[in-house]
Amino acid sequence: MLTPFKTCRKYIGIISAGIAITTTIFLTGYTDQREISSYPVDSLELNPFVETGFPFIPGSLDARKLGMGFPDDNMAARILSIPVGDSAYVAFDTDLLRWSAAWTGKFLPMVLMAQISYKDFFNKNNQVPTITGNPKIATGSYAGWSTQKPDYTHIRTRSSEEPNWDPMPAEEGRWKGVFAYGKNAILNYTVGKTEIFEMPGGASFDNEKAFTRSFRFTSHDKDLYLTAAEVTNATGAETKGRIALLYHGAAKDSITALVILGKGKFALQPGTEQNRFLTVKVPASDKTSETAIAVWKGPASKKAAFEKFARKYRVSFPDFKNGGPAYWNETIVTKGKLAPDTAAFVTDQLALPLPNPWKRNVRIADIAFHADGRAAAVTFEGDVWTIEGIDKDLKNIKWRRFASGLHEPMSIEIVQDTLYIFGREGIVRLHDLNKDGSADYYENFSNVMSQSAESREWAGDMVLGPDGCFYIAKGGSQSNGPGVSKQVAKGFREGSRHNGTVMKISKDGLSYDIIATGLRGPYLGMNPKTGMLTASDQQGNFVPSTPIYLIKKGDYFGVPATEHRKDNPPITPALTWLPHRVDRSSISQAWATSDKMGPLNDNLIHFSFARPGLFRVLIDSSAAVTQGGVSYIHANYPAPTSKGTINPVDGQMYITGFNLWGSSSKGISALMRMRYTGKPSYMPNQFRAGEQGIMLSFDSELDVKSAQDIANFQVKRWNYKRTQEYGSGHFKLDGSTGEETLNVVASYLSADKKKVLLLIPDMKEVMQVDVAYQLKFKDGKQLNDHFYFTLNNLSALDPASFGFSSVDLALLKVKQPEPVAATEKEEVASAEKGKELFQKMACFGCHSEGTQVKGMYGPPFQNLYKSMRHFEDGTSAIADEKYIRESILSPGVKIIKGYNEEMPSFVGILSDNDIESITLYIKSLKK
């Protein structure tokens with residue numbers, strides 16, 4: 001059924017460029033057993049994305065340009081593409097319950113984001129698929145079924161000027177799911193109150209290809225109408241007995257025909273409407289019935305052969321409701337790699353199931369746990385794997401494929417041992433009907449969220465609330481993709497009416513509530529105990545830097561293109577901002593709801609995709625406006641970190657991630673366990689910021705002398721500007737460019753020796769504060785680190801309440817000299833300093849210092865100086881000193897052809913000397 005397993009060579013256990021990981025692979029039922037090591041990612045052998053034998057592939061389809069005679073309003077964001085015989089295919093639109101198109105020849109090109117990057121891991125040049133074969137049948141963007149009469153106007157057309165990406169109203173028609181039974185996809189939906197099962201198929205006659213649709217109808221008290229095809233240039237229509245047809249051309253030598261299949265009497269009534277549509281009437285009936293039709297396009301001379309074929313056809317449904325044979329029987333056993341206990345928190349690596357019998361890539365996006373410690377993981381390519389054997393030593397991790405055919409999913413939850421997956425098709429609930437370890441029924445739990453075909457309108461995140469409802473985050477329709485709708489703001493296309501929102505999905509999946517709007521690329525965190533909902537967003541147009549938000553009903557977060565409301569709402573302030581150089585691309589959050597994570601117990605953890613790594617989030621809820629801050633959790637992160645959750649058995653946090661969008665990590669994917677070792681932690685665990693200064697509390701006792709030395713603390717602050725440009729420079733409180741250095745006039749140590757109070761005059765509300773510290777702890781540990789926070793509200797601090805005594809607040813009123821840093825003589829510009837800045841400002845995450853372009857957002861730097869640069873607007877320029885300076889300070893002015901606007905301004909961040917140093921460094925990269 002599926003491609004057989006042939007060889008284990010040229011695989012690695014965790015896909016990570018430059019990392020050789022030894023993995024032992026045992027395949028149940030196979031004798032092949034090998035030690036896999038020292039194979040780079042470029043040697044990974046993968047089969048094609050399309051797997052022979054599996055009955056459907058999800059996706060989207062742009063069928064607006066099929067040619068003469070076909071509707072030009074044919075767009076579908078959520079389809080199942082189904083092979084129906086030799087070189088014949090059907091695209092079923094699950095939103096409108098229609099055959100968007102049927103064609104022969106080539107299958108759809110695999111150009112969606114998950115597909116095009118499947119083997120070419122950093123390829124972001126995705127497209128919306130179009131039919132490259134020979135189109136035969138199509139319908140426009142209207143409901144495929146209706147009651148009482150055919151209806152072509154209820155659903156507005158999906159044009160670029162007037163998009164409507166909503167599914168049909170559930171009371172009129174609702175997608176219920178698909179049964180995977182061998183090579184057959186059995187579609188399940190309702191029309192009105194009638195449940196319908198449909199099995200698409202194909203058949204040949206007289207060297208022609210017909211498309212069949214077998215139906216099982218439950219009893220229904222109203223007539224049902226199917227629109228099976230639309231022909232826009234028909235020159236005649238005819239209905240006779242079991243057949244209805246539309247003629248093409250002045251000579252009427254071609255036809256598109258519909259016929260009722262089988263012998264004897266038939267209840268279905270074929271017909272034509274408006275000399276344009278082929279329809280079928282299904283009369284009301286109090287019985288369950290099975291019947292079938294065929295649709296065909298071809299020469300009128302073969303009409304008789306088509307009718308003859310129809311009389312011989314037999315309707316036959318398999319016993320699909322009891323499940324079919326498993327698609328994947330093998331178990332892959334991998335061995336993990338334990339990290340040495342060198343710090344309080346370390347990351348063990350769980351080897352991914354590579355190689356596997358299907359030569360299938362495994363880019364793991366999210367993981368969820370059953371109560372007994374069994375797990376399930378979802379991959380970006382649309383597969384679900386079950387995992388057993390996760391224990392202390394990780395020596396016997398058992399992986400098994402459970403499902404496939406999901407559309408770019410990035411979230412999984414387990415509720416009462418049932419798997420729920422959130423992808424672009426909506427929330428899918430998986431059922432193993434015959435308990436053979438393979439999903440048989442892919443149930444549409446919820447598709448109430450509108451979804452456009454815009455490739456950047458991600459199904460970003462899904463979390464489960466303590467109220468039993470799912471909360472989802474949908475990406476904004478960013479215009480750095482191929483685009484199918486009109487531009488509505490710089491960096492954004494129109495997309496669906498739910499893009500850039502956070503939504504609450506009801507317990508039954510049938511309704512929703514908009515929680516927050518105005519987001520660019522949100523990802524979520526949910527405290528499963530308290531219901532506190534948080535989100536991050538992606539720095540970019542209208543998002544000046546990386547924020548973490550505390551989400552409440554009615555919030556608006558500042559992106560006009562995704563506002564979706566008319567009441568001119570105020571912008572909700574961020575819980576905290578993170579500088580570009582610290583986290584230029586954030587993703588989800590997770591709560592360490594465990595009593596086994598040591599100092600991190602009950603803490604909020606933020607995930608950075610780009611850095612990569614995890615941050616501890618501290619929340620100051622004592623202020624009138626809640627504010628927060630972050631500190632980095634230093635550990636080994638072999639691949640981007642995207643999502644995580646607590647294993648209820650061992651109480652540790654398991655982390656997933658895969659590469660694609662320009663992380664500083666070159667690893668492709670990994671599954672990690674962040675484990676608490678019991679060793680001391682030195683991170684901040686509490687902060688307060690107010691009128692008198694800043695209080696920071698640490699996990700371990702501090703050295704008295706070190707903590708009281710103000711030279712060990714450097715405090716800076718700045719604001720960002722929210723504009724239509726990508727990101728933001730840094731601005732002082734008076735609006736001028738740059739950062740302000742604050743005077744620390746005194747530092748006090750608390751009685752428990754874990755807290756420091758920094759007295760700072762002139763404290764003010766500000767978007768970003770950076771506290772750099774070089775501290776020694778009581779046990780001799782020395783640490784240079786940073787704590788970043790946002791000051792939303794300025795209130796008085798009470799030093800005594802935190803254990804500080806004899807604090808001389810009068811020092812705050814003593815006039816202080818200007819900060820030393822402001823009067824220091826600036827060092828000479830140099831290429832060496834430029835290279836340091838290249839690393840410090842995270843430029844290396846987007847630009848190669850060599851010629852690498854894969855995985856990079858920006859062009860490479862080698863040979864850049866004095867080269868001719870060609871821009872998206874058609875102009876060109878020489879890359880001289882002036883051009884380099886402009887590119888650093890105003891990167892949106894000239895965009896290199898083939899790249900997107902994805903670089904923030906460094907105004908107020910880099911000095912003239914810094915820019916000169918970077919220019920010298922770029923000059924040095926010539927070969």
Item to complete: For region 327-369, enumerate the residues that are of a type in the set (Lys, Arg), in a loop (DSSP other than H, G, I, E, B) and over 21 Å from ASP432 (Cβ atoms).
Response: LYS335, LYS359, ARG363
Item to complete: Grab the strands (runs of 3 or more DSSP E) fully contained in region 606-697, keeping just those with 2 or more residues being outside the structural domain of PHE804 (by TED's automatic domain parsing) and under 28 Å from the mean Cα position of the chain (by Cα).
Response: 613-620, 627-633, 643-646, 653-658, 669-676
Worksheet item: When region 718-760 is examined, which residues are found to be free of Cβ contacts under 8 Å to residues at least 60 places away in the same chain and part of a strand (DSSP E or B)?
Response: ASN719, GLU740, SER747, TYR748, LEU749
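For residues that are assigned to a strand (DSSP E or B) and either basic (Lys, Arg) or modelled with pLDDT under 95 (or both), scanning just region 219-240, find the one that is nearest to GLY173 (Cα to Cα).
Ranking the candidates gives HIS220 first.
If you check GLY298 against the conditions, is it in a loop (DSSP other than H, G, I, E, B), touching a helix residue (DSSP H, G or I) at 6+ places or on another chain (Cβ under 9 Å), more than 30 Å from LEU44 (Cβ to Cβ) and in the same structural domain as GLY69 (by TED's automatic domain parsing)? Explain how you work it out, then say what you get.
Values: in a loop (DSSP other than H, G, I, E, B): no; touching a helix residue (DSSP H, G or I) at 6+ places or on another chain (Cβ under 9 Å): yes; more than 30 Å from LEU44 (Cβ to Cβ): yes; in the same structural domain as GLY69 (by TED's automatic domain parsing): yes.
When the stated conditions are applied, GLY298 does not pass them.
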Discussion item. If TYR883 meets every condition in (1) over 33 Å from the mean Cα position of the chain (by Cα); (2) exposed (fewer than 14 other Cβ atoms within 10 Å of the Cβ) apart from one, which number is that one?
Written reply: (2)
Worksheet item: What do you reckon, is GLN724 under 21 Å from LEU811 (Cα atoms) and not acidic (Asp, Glu)?
Response: no
Item to complete: Identify the single condition in (1) without any contact (Cβ under 8 Å) to a residue 24 or more places away in the chain; (2) closer than 21 Å to GLN416 by Cβ that SER479 does not satisfy, given that it satisfies every other one.
Response: (2)
Discussion item. Take PRO528 and tell me if it is modelled with pLDDT of 95 or more, farther than 20 Å from HIS580 by Cα and touching a Phe, Trp or Tyr at 6+ places or on another chain (Cβ under 9 Å).
Written reply: yes
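Examine region 120-132 for a residue that is more than 19 Å from VAL484 (Cβ to Cβ), in a loop (DSSP other than H, G, I, E, B), in contact with a Lys or Arg (Cβ under 6 Å, 6 or more places away or on another chain) and at pLDDT below 95, and state whether such a residue exists.
Within region 120-132, the first condition is being more than 19 Å from VAL484 (Cβ to Cβ), and the residues that meet it are 120-123.
Narrowing the set further to residues that are in a loop (DSSP other than H, G, I, E, B) leaves 120-123.
Retained after the next criterion (residues that are in contact with a Lys or Arg (Cβ under 6 Å, 6 or more places away or on another chain)): 122.
Cutting the leftovers down to at pLDDT below 95 gives us 122.
Within region 120-132, one or more residues are more than 19 Å from VAL484 (Cβ to Cβ), in a loop (DSSP other than H, G, I, E, B), in contact with a Lys or Arg (Cβ under 6 Å, 6 or more places away or on another chain) and at pLDDT below 95.
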Worksheet item: Looking at region 568-619, which of the residues that are of a type in the set (Asp, Glu) and more than 12 Å from GLN539 (Cβ to Cβ) is surrounded by the most Cβ atoms within 10 Å (Cβ to Cβ)?
Response: ASP602
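When you look at ALA250, is it at pLDDT below 95 and surrounded by fewer than 21 Cβ atoms within 10 Å (Cβ to Cβ), yes or no? Explain how you work it out, then say what you get.
Details: at pLDDT below 95: yes; surrounded by fewer than 21 Cβ atoms within 10 Å (Cβ to Cβ): yes.
Considered against the rule, which asks whether it is at pLDDT below 95 and surrounded by fewer than 21 Cβ atoms within 10 Å (Cβ to Cβ), ALA250 comes out as yes.
The values are calculated or read from the model by the stated rules, or taken from the named source; none is laboratory data. Because the structure is predicted, anything quoted here is derived from the model rather than measured. Heads up, the Cβs are rebuilt from the backbone with ideal geometry, glycines too, and the neighbour counts pull from every protein chain shown.
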